[in-house]
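Read the structure below first, then the notes.
The values are calculated or read from the model by the stated rules, or taken from the named source; none is laboratory data. Small disclaimer: the values here were computed from a predicted structure and weren't measured. Counting neighbours? That spans all protein chains shown, and the Cβs are built from the backbone with ideal geometry, glycine included. Only protein heavy atoms, including side chains, enter the accessible area calculation; ligands, DNA and RNA are left aside. Shrake-Rupley method; radii C 1.70, N 1.55, O 1.52, S 1.80 Å.
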Amino acid sequence: MRVSSALSGIFLSAFILSCSSQLPMAIADVESMEPVDTMALSDVRQLEELPEPSSPLGLRVVETEIVNQLTGSGSPNATDARWNVHGTDLGHMFTHKGELYMVFGDTYGPDGEDWRSNTIARIADPDPANGFSIAAMIESATGAAKEIIRSAKVPGLEWTVIPTNGISLGERMVLHYMSVRMWGADDKWYVRRSGLAYSDDDGQNWTRSETAMWPAGTGFEQVAYVESEGMIYVFGIPQGRFGGVRLGRVTPQHVFDPTAYTYWDGQGWLGNVHAAKAIVPAPAGELSVAWSDAHQSWLMMYLEPVERAVILRSAPTMTGPWSDAQIVAHADEYPGLYAPYIVPGLDIDDAVYFTMSRWKPVYNVFLMKGKLEAPVVDLAAVETTGIAKPDIELDQVDK
């Protein structure tokens with residue numbers, strides 16, 4: 001995944017090396033690559049602003065530390081020697097059949113060689129306190145980590161395919177992806193479309209759904225999934241990192257049917273994706289959402305590109321109101337930071353674990369830990385300001 005103009009040379013060299021080492025794959029093997037209008041961006045929607053949070057008090061991370069480096073030559077997992085993964089990013093996670101899987105974006109061998117648009121690993125121990133040792137990666141015939149969702153690697157049509165989050169539906173793994181047409185300036189890129197891919201053999205082979213595809217400009221080019229009480233909730237942001245966060249939902253049995261999704265318009269759920277209203281204001285980059293039972297709150301982490309920081313917000317319900325922005329990690333301390341993904345399935349109490357990518361000084365994924373604290377509530381001040389609970393019907397949103 002592109003994160004800086006400093007990486008453009010790596011991507012270009014990887015593309016050239018890929019083309020020089022083998023004939024380009026038949027485009028039909030990837031998907032129909034007819035030209036599509038990806039310039040109909042949601043730029044106007046991205047500029048929408050929200051008022052200040054009506055519930056400004058929220059959970060905060062008061063101390064952040066690196067647990068360890070997960071990928072690359074400097075990691076205990078030695079992914080360079082084991083799977084020819086010298087550099088990669090993202091590292092969002094989902095649980096499937098009791099196992100924790102971690103999904104990566106653009107992956108490289110030494111010096112930008114052996115470019116794969118995406119790879120996936122299985123974690124040996126799902127408890128991040130033990131450091132996240134990688135038990136296995138889906139491998140190609142050579143033993144290197146395999147590109148699981150094939151990409152055409154044709155700039156202007158489909159440069160790469162980046163998975164943005166995953167879920168498990170019983171026997172089936174599902175990944176949401178964005179098909180990136182072109183990389184733009186820093187923190188901007190142009191998506192052909194987004195869609196779903198699935199695997200029915202525990203990640204060995206993947207197929208792009210022929211029905212679950214969305215055109216660029218919906219505001220859900222990148223997503224974070226949350227499964228709650230029989231529904232799958234979809235937090236979405238536009239292509240790039242300058243849009244607000246929106247919310248949709250669907251039943252698991254209809255996840256491959258775009259017409260079955262409904263979207264939060266600020267009052268209720270509507271079937272029109274363009275009716276979705278921002279629940280968190282722009283700008284927001286790669287994001288993740290998790291429930292803390294201990295704090296009876298939803299937690300959201302994302303990259304704020306202008307502040308150059310990983311942000312935490314919390315809320316009593318998925319629709320909000322979301323608290324004010326708390327800085328979890330800043331680029332002054334962690335240069336090149338992006339893509340914070342909360343480890344799923346944990347009882348989040350006094351600490352929150354998350355993966356975080358950096359594009360410098362090394363392009364790799366790190367496991368992070370943040371000390372979490374609830375704010376001290378001044379009851380007199382609350383009574384004075386009259387902060388009220390959100391007026392939301394119980395059947396509108398879970399928890």
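If I ask for residues that are touching a residue at least 40 places away in the same chain (Cβ under 8 Å) and open to solvent by 50 Å² or more (accessible area, probe 1.4 Å), which ones from the range 57-99 would you list? Within the range 57-99, Leu57, Arg60, Val62, Glu63, Glu65, Ile66, Val67, Gly74, Pro76, Arg82, Thr95, Lys97 qualify. Mind checking which pairs have a first residue in the range 174-186 that is in contact (Cβ under 8 Å) with a residue 24 or more places away in the chain and a second that is part of a strand (DSSP E or B) and open to solvent by 40 Å² or more (accessible area, probe 1.4 Å), Cβ under 6 Å, 6 or more apart or different chains? That search, which allows pairs on different chains as well, returns Val174/Tyr198; Arg181/Tyr190; Met182/Tyr190.
Here the range 196-212 is the region considered, the condition is being out of contact with any Ser or Thr (no Cβ under 8 Å at 6 or more places or on another chain), not acidic (Asp, Glu) and not in a loop (DSSP other than H, G, I, E, B), and the residue that is most open to solvent (accessible area, probe 1.4 Å) is Thr211. Does Phe132 count as aromatic (Phe, Trp, Tyr) and not in a strand (DSSP E or B)? When the stated conditions are applied, Phe132 passes them.
Residue by residue, here is whether (1) of a type in the set (Gly, Ala, Ser); (2) open to solvent by 20 Å² or more (accessible area, probe 1.4 Å); (3) more than 22 Å from Ala224 (Cβ to Cβ) holds:
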| residue | (1), (2), (3) |
| --- | --- |
| Met102 | no, no, no |
| Pro110 | no, yes, yes |
| Asp114 | no, yes, yes |
| Asn118 | no, no, no |
| Arg122 | no, yes, no |
| Pro126 | no, yes, no |
| Thr142 | no, yes, yes |
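Would a scan of the range 266-279 turn up a residue that is open to solvent by less than 10 Å² (accessible area, probe 1.4 Å), more than 15 Å from Val226 (Cα to Cα) and in contact (Cβ under 8 Å) with a residue 12 or more places away in the chain? I'd like the intermediate steps shown before the answer.
As a first pass, look at the range 266-279 and keep what is open to solvent by less than 10 Å² (accessible area, probe 1.4 Å): 276.
Next cut, more than 15 Å from Val226 (Cα to Cα) only: 276.
If we keep only those that are in contact (Cβ under 8 Å) with a residue 12 or more places away in the chain as well, we get 276.
Among the residues of the range 266-279, at least one is open to solvent by less than 10 Å² (accessible area, probe 1.4 Å), more than 15 Å from Val226 (Cα to Cα) and in contact (Cβ under 8 Å) with a residue 12 or more places away in the chain, which makes the answer yes.
Among the residues of the range 160-218, which ones are of a type in the set (Val, Ile, Thr) and farther than 19 Å from Gly236 by Cβ? Listed by number, the residues that qualify are Thr160, Thr207.
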